[in-house]
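Shown next, in structure tokens, is the structure this report addresses.
The values are calculated or read from the model by the stated rules, or taken from the named source; none is laboratory data. Here the structure is a predicted model, which is why all the values come from computation and not from measurement. Positions of Cβ are backbone-derived with ideal geometry, glycine not excepted, and every protein chain shown enters the neighbour counts.
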């Protein structure tokens, strides 16, 4: 069995830590027993909406679903993690497919994530988003258009990159000539809630039931600059 954490393994450890049966977790989270069982046995993953539902109904910060529970004090030196796509935790949103890498490391100062970009325009993407810290985006496949709050849009091809202040409103969309683009992003912040902030960037749009925000810092959303 791999030592790499999966969403199923993390859920199982959290459930064990709280002394819940699978049925108790199902009743509390609103997610069927059969679904939770498949997730815990790594036969199924959860969509972003389901992860958000699980997190908020169980009052578990989203960041806890992306790191192993710590049984002892961890060293901050000589750490390493191999980032393989098969070990990544995938989160699907309307605009992106995220593949969070190196999730077994807790309290990271950087969050590496492979992102497949599907949104083709700002109209499809929605409002610009922002969060704490800085980020580096390197285009691996395709072409993207980067929209930011204070600069004109810039087009980046495979092999090109951009480094921005993440507090500035921003959005990444695929260029007209490509159906999808693949980028490697590195998000960095001193804010330990960065993972939660990233996960809230693409919450369900208005029309869905509002959720309490006591566990999760909100990401600031900004209207796009007038054309």
Subject >> Tally, over the range 18-49, of residues that are at pLDDT below 85 and part of a helix (DSSP H, G or I) >> reply: 2
Subject >> Residue list for the range 123-169, filter: under 14 Å from residue 95 (Cα atoms), at pLDDT below 95 and within 20 Å of the chain's Cα centre (by Cα) >> reply: 124, 125, 126, 127, 128, 129
Original post:
Among the residues of the range 168-188, how many are buried (at least 19 other Cβ atoms within 10 Å of the Cβ) and assigned to a loop (DSSP other than H, G, I, E, B)?
Top reply: 1
**OP:** Residue by residue through the range 5-17, note down the ones that are under 23 Å from the mean Cα position of the chain (by Cα) and not in a loop (DSSP other than H, G, I, E, B).
**Re:** 7, 8, 9, 10, 11, 12, 13, 14, 15
Original post:
If you check 114, 105, 65, which single one turns out to be modelled with pLDDT of 85 or more and surrounded by 16 or more Cβ atoms within 10 Å (Cβ to Cβ)?
Top reply: 114
